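Student: I have a structure I would like to understand better, so I am pasting it below and will then ask my questions one at a time.
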Amino acid sequence: MLQQQLQTMLALQDDINTLVNENWRGQNFPWYRAIWVESAELLDHYGWKWWKKQDPEMEQVKLELVDIWHFGLSLELQQGSPDAVAEKMEQQLAGEQPAAGNFRENLEAFTLNTLSSKQFDLVGFAQLMIDCGLPFEDLYRRYVGKNVLNRFRQDHGYKEGTYQKLWSGKEDNEHLAEIAESLDSAAENFSKQLYMALKTRYTGAQKDLA
């Protein structure tokens, strides 16, 4: 199951990267830098200021982790095909899970490793997931949802400025969340089901406006 889900996410990431730039692997984009910036944003949501009261915004923290995962998958894909990379990642994630630790310190260690190696610290990322209570199944569901939404936007005029993010009184990410809750994320074609259901709802909304 884990390897299958990793393969699915890697293939989706490869597809969206290719949609943006057909020769994305050859461009050597600084994915590690994007991870560094996202990590700083994540820490702001978690809270680090000792001179004021701050409560962790855990939903935002998890969303930022999903964004980091996008860039991490892109770095991993520089090493090979989705199938080969998924097998390697599964091996790295095998074994007994460590206990939750100090999230801020582990985030700093993860970021330092990313900057020094310019690679994705998968084990460090897995530790952050444990620290903030983000199980892999939830990461998978959130990632596939965000990826499908990004692809859907591109396919429906996002780049040209014709896509409407707000329809039927809700933003598209709200529609996506509702649809995702109604589907089985363990299904092999979960991403396809999600895309088609989103398309059906969006098309219906456009007809209502006509």
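The values are calculated or read from the model by the stated rules, or taken from the named source; none is laboratory data. Source: prediction; values computed, not measured. Please note: Cβ atoms are built from the backbone with ideal geometry, for glycine as well, and neighbour counts cover all protein chains shown. Just the protein is used for accessible areas: all its heavy atoms, side chains included, with ligands, DNA and RNA removed. Shrake-Rupley method; radii C 1.70, N 1.55, O 1.52, S 1.80 Å.
Student: For segment 118-138, which residues satisfy the criterion of being over 27 Å from GLU181 (Cα atoms) and open to solvent by 60 Å² or more (accessible area, probe 1.4 Å)?
Tutor: Passing the criteria: LYS118, GLN119, VAL123.
Residues checked against (1) open to solvent by less than 80 Å² (accessible area, probe 1.4 Å); (2) of a type in the set (Ser, Thr, Tyr):
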| position | (1), (2) |
| --- | --- |
| TYR140 | yes, yes |
| LEU149 | yes, no |
| GLN164 | no, no |
| SER168 | no, yes |
| ASN173 | yes, no |
| ILE179 | yes, no |
| GLU188 | no, no |
| LYS192 | no, no |
| THR200 | no, yes |
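Student: Would segment 132-141 turn up any residue that is in contact with a Lys or Arg (Cβ under 7 Å, 6 or more places away or on another chain), at pLDDT 90 or above and of a type outside the set (Gly, Ala, Ser)?
Tutor: yes
Student: Tell me which residues, restricted to segment 151-160, are open to solvent by less than 60 Å² (accessible area, probe 1.4 Å) and without any contact (Cβ under 8 Å) to a residue 12 or more places away in the chain.
Tutor: GLY157, the sole residue that qualifies.
Student: Something else: Pull up segment 21-61, narrow it to residues that are of a type in the set (Val, Ile, Thr) and crowded, with 16+ Cβ neighbours inside 10 Å, then point me to the one that is nearest to PHE110 (Cα to Cα).
Tutor: Only one residue fits best here, namely ILE35.
Student: Now, a different point. Search segment 128-146 for residues that are under 13 Å from ASP184 (Cα atoms) and touching a residue at least 24 places away in the same chain (Cβ under 8 Å) and pair each with any residue that is open to solvent by less than 40 Å² (accessible area, probe 1.4 Å) and in a loop (DSSP other than H, G, I, E, B) when their beta-carbon atoms are under 6 Å apart and the residues are at least 6 apart or on different chains.
Tutor: Going by the 6 Å Cβ cut-off, the qualifying pairs are ARG141/SER185.
The rows are residues; the columns are (1) in contact (Cβ under 8 Å) with a residue 24 or more places away in the chain; (2) farther than 15 Å from TRP31 by Cβ; (3) in contact with a Phe, Trp or Tyr (Cβ under 9 Å, 6 or more places away or on another chain).
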position: GLN91; (1), (2), (3): no, yes, no
position: ALA94; (1), (2), (3): no, yes, no
position: GLN97; (1), (2), (3): yes, yes, no
position: GLY101; (1), (2), (3): yes, yes, no
position: ARG104; (1), (2), (3): yes, yes, yes
position: SER116; (1), (2), (3): no, no, no
position: PHE125; (1), (2), (3): yes, no, yes
